[in-house]
């Protein structure tokens, strides 16, 4: 395992660098716009909230916390310190809740929904794609057009279609929320069942979207590999078909893993929008309420958290890739 | 060039995609000439009118009437006005009055009415029936009698001086008007939306705007990606390192997050459709830059490029004359994909409420946003959202098909 250390450290360093860059972007983008954020906040508060003590408290707390009259680099240090302490200030739209509190109550829903869905979709999609490439014939003729069509449906479109068919028309599943309106989160069977039932539609809408794109990619990779010289050579050598298919699958899978790492950001973006359609209590719906409530601290914190999640997922995939790809072992051994 | 075009148009996939896209474009261009209404004009008072032909009632009274004696007319009239809850109530009464439940079929209007008239007795009190229930059944009985009456409806006008109603004409049940002779008939093929705006007019206009957003975003993204990719790939060295560092950063930082941050920072008032397109363009160049760079690197040491270098041509000349033509096909395919993903990005942003401002022009994303906010999907108002999804999917599908077709023409290895 010694050979991996360099690879691992390399990836870790890259992870940290992107992390810092994400912090800087998250900090700087809203401040690049004309007009300082505090003035914008004040003008927005003036139109919106009726709770004057709330406004006063937020405004004072905000000006102090972010020190908006200080120079840029000091503001940045302050921002970093606050973030590391998990302190994102108060939420405008849900005062007196803190941003950290709002995010804490929604992040598990998003993680619990999206990562299993993307992984399940990835596995099913790749298996279908590989099967289509191997079998060809009528199986391929059915799987391919369906996959192409599904991968072109936007994530929210798939969500709406599933919701209307299974939620509104057939009434098999509830149409919105993460659990029944009449329940308080606890660990009873009734609550868990309610969560499970509410989970199905959002889950499958993300899975179906993921399947399409992955199946197309895997199919063309596998066709390419099946025509490679080593496959022909193995056939001449009389190696069993099943063994060859294993080689082919493994080789075709590697680019698919890299593809997953690179596209996970896009997938999460689409899945966040799908959450909104189902009013799922995750980060997507939080972003929507934040936007509707002109809740700047909440938006800034949610985007940062989403970025962190994507970066971490990316890092994890890179590590798995390093273990799976024999070329990396070979390269590190030198 | 001519030969290349011929080859492209021989690819079935490309032609299929191209025809879908061309049809959409044609509709977008021609429809406004036929229906010149403003897409954001509010015509309906109320939300979500169902698709159909709307005939002006006032005008149809004054239009010439024709008598048509049709057998099923009376039955149809009763069936359409005899509501589901009335049928249920009648069944309840009949069961209470002692009729066996198996003999009652609420879908069979004639039989149900027959059973009602033979059994109903306003003085009879069923067990457990309140006074209010009894009055309800008496009212129901009266309204059913009214339904069955064959008398003509009377048109009355208020006398301007005495304010007394005066009969000015009658409309018998056999009177018909010819739709062509009614002055005001409005066809709403896709009904109206939550604001009472014509969905079809809005959809066509929104498709046009969304395509423009996609094209602007795609052009910007492709231009940035192309320039960065060319410079990075051809110049190499430290320039390459810096550009690739930035590119790799933006690959892992989700562009959706950047879009949210930037759109929110711009503020609702400043967000026009064009601004959104530019923002999308500036956040989605990454893939093109990476791909162009790797293509350029593979071209950099080809003989014809080296020859050009030896001849003392400038870098700009070499890039434009010796490298660009080789990657042109690739860049066009990237552009097509960028356009379609730009349209999707706008839709996603709009659903979050961060799309173009709503007062200006409709876009596909904004239509989707309003339909979702007004719960069209829960209320079963399919015409408000389904055509939008289909349009988005069709545009993306057609562009993807064109791309696959082009890919097969330019990379013979991929042909089946």
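The values are calculated or read from the model by the stated rules, or taken from the named source; none is laboratory data. This structure is a prediction, so every number in the text was calculated from the model and none was measured. Every residue, glycine among them, receives a Cβ derived from its backbone with ideal geometry; neighbour counts consider all protein chains shown.
Looking at the range A:191-201, can you tell me whether even one residue there is exposed (fewer than 14 other Cβ atoms within 10 Å of the Cβ) and not in a helix (DSSP H, G or I)?
no
Specify the residue that is modelled with the lowest pLDDT; the eligible residues are those in the range A:260-273 that are farther than 21 Å from residue A:107 by Cβ and facing chain B (nearest Cβ under 9 Å).
Restricting to residues being farther than 21 Å from residue A:107 by Cβ and facing chain B (nearest Cβ under 9 Å), the top hit is A:262.
Within the range B:1-81, which helices (runs of 4 or more DSSP H) (wholly inside it) include 3 or more residues that are more than 30 Å from residue B:108 (Cα to Cα)? Talk me through it step by step, then tell me what you get.
On the way: elements: B:2-8, B:12-34, B:57-62, B:73-81.
In the range B:1-81, the matching helices (runs of 4 or more DSSP H) lie at B:2-8, B:12-34, B:57-62.
Of the numbered conditions (1) modelled with pLDDT of 65 or more; (2) outside any helix (DSSP H, G or I); (3) more than 14 Å from chain B (Cβ to nearest Cβ); (4) buried (at least 16 other Cβ atoms within 10 Å of the Cβ), residue A:87 satisfies every one except a single condition; which is it?
That leaves (4) as the condition not met.
Quick one: in the range A:148-160, which of the residues that are within 7 Å of another protein chain (Cβ to nearest Cβ) and assigned to a helix (DSSP H, G or I) is farthest from residue B:353 (Cα to Cα)?
Within the range A:148-160, the subset within 7 Å of another protein chain (Cβ to nearest Cβ) is A:148-149, A:152-154, A:156-157, A:160.
Adding the requirement that they be assigned to a helix (DSSP H, G or I) leaves A:148-149, A:152, A:156-157, A:160.
Numbers: A:148: 29, A:149: 27, A:152: 22, A:156: 14, A:157: 16, A:160: 17 Å.
Among them, the one singled out is A:148.
Does residue B:105 qualify as being closer than 15 Å to residue B:145 by Cβ and outside any helix (DSSP H, G or I)? So that I can check it myself, show each step before the final result.
Values: closer than 15 Å to residue B:145 by Cβ: no; outside any helix (DSSP H, G or I): yes.
Criteria not met by residue B:105.
Could you tell me which numbered condition residue A:13 fails, if it satisfies all but one of (1) at pLDDT 70 or above; (2) within 14 Å of chain B (Cβ to nearest Cβ); (3) closer than 22 Å to residue B:258 by Cβ?
Condition (3) is where residue A:13 drops out.
Between B:392, B:327, B:378, B:343, which is in a helix (DSSP H, G or I) and either away from chain A (no Cβ under 12 Å) or at positive phi (or both)? Full working, then the answer.
Details: B:392 fails: either away from chain A (no Cβ under 12 Å) or at positive phi (or both); B:378 fails: either away from chain A (no Cβ under 12 Å) or at positive phi (or both); B:343 fails: either away from chain A (no Cβ under 12 Å) or at positive phi (or both).
Answer to the check: B:327.
How about the range A:277-288: which of its residues are crowded, with 24+ Cβ neighbours inside 10 Å and within 7 Å of chain B (Cβ to nearest Cβ)?
A:277, A:287
Suppose we filter A:211, A:257, A:206 for residues that are in contact (Cβ under 8 Å) with a residue 60 or more places away in the chain, in contact with a helix residue (DSSP H, G or I) (Cβ under 8 Å, 6 or more places away or on another chain), closer than 25 Å to residue B:247 by Cβ and away from chain B (no Cβ under 13 Å); which single one remains? Reasoning before the result, please.
Values: A:211 fails: closer than 25 Å to residue B:247 by Cβ; A:206 fails: closer than 25 Å to residue B:247 by Cβ.
That would be A:257, the only listed residue that is in contact (Cβ under 8 Å) with a residue 60 or more places away in the chain, in contact with a helix residue (DSSP H, G or I) (Cβ under 8 Å, 6 or more places away or on another chain), closer than 25 Å to residue B:247 by Cβ and away from chain B (no Cβ under 13 Å).
Please count how many residues of the range B:117-142 are at negative phi and in a loop (DSSP other than H, G, I, E, B). Walk me through how you get there before you give the answer.
To start, the set of residues in the range B:117-142 that are at negative phi comprises B:117-127, B:129-142.
Subset that is in a loop (DSSP other than H, G, I, E, B): B:120-127, B:129-130.
So the count comes out to 10.
Yes or no, residue by residue, for (1) within 30 Å of residue A:99 (Cβ to Cβ); (2) touching a strand residue (DSSP E or B) at 6+ places or on another chain (Cβ under 7 Å); (3) within 14 Å of chain B (Cβ to nearest Cβ):
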| site | (1), (2), (3) |
| --- | --- |
| A:222 | no, no, yes |
| A:237 | no, no, no |
| A:245 | no, no, no |
| A:252 | no, no, no |
| A:275 | yes, no, yes |
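Residue-wise test of (1) in a loop (DSSP other than H, G, I, E, B); (2) touching a residue at least 60 places away in the same chain (Cβ under 8 Å); (3) surrounded by 17 or more Cβ atoms within 10 Å (Cβ to Cβ).
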{"residue": "A:109", "(1), (2), (3)": "no, yes, yes"}
{"residue": "A:113", "(1), (2), (3)": "no, yes, yes"}
{"residue": "A:124", "(1), (2), (3)": "no, yes, no"}
{"residue": "A:131", "(1), (2), (3)": "no, no, yes"}
{"residue": "A:146", "(1), (2), (3)": "no, yes, no"}
{"residue": "A:172", "(1), (2), (3)": "yes, no, no"}
{"residue": "A:178", "(1), (2), (3)": "yes, yes, yes"}
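Out of all the residues in the range B:350-364, which are touching a residue at least 24 places away in the same chain (Cβ under 8 Å), under 20 Å from residue A:283 (Cα atoms) and more than 9 Å from chain A (Cβ to nearest Cβ)?
B:355
So which residues in the range B:395-416 are surrounded by 23 or more Cβ atoms within 10 Å (Cβ to Cβ) and away from every other protein chain (no Cβ under 11 Å), if there are any at all?
Selection gives B:402 alone.
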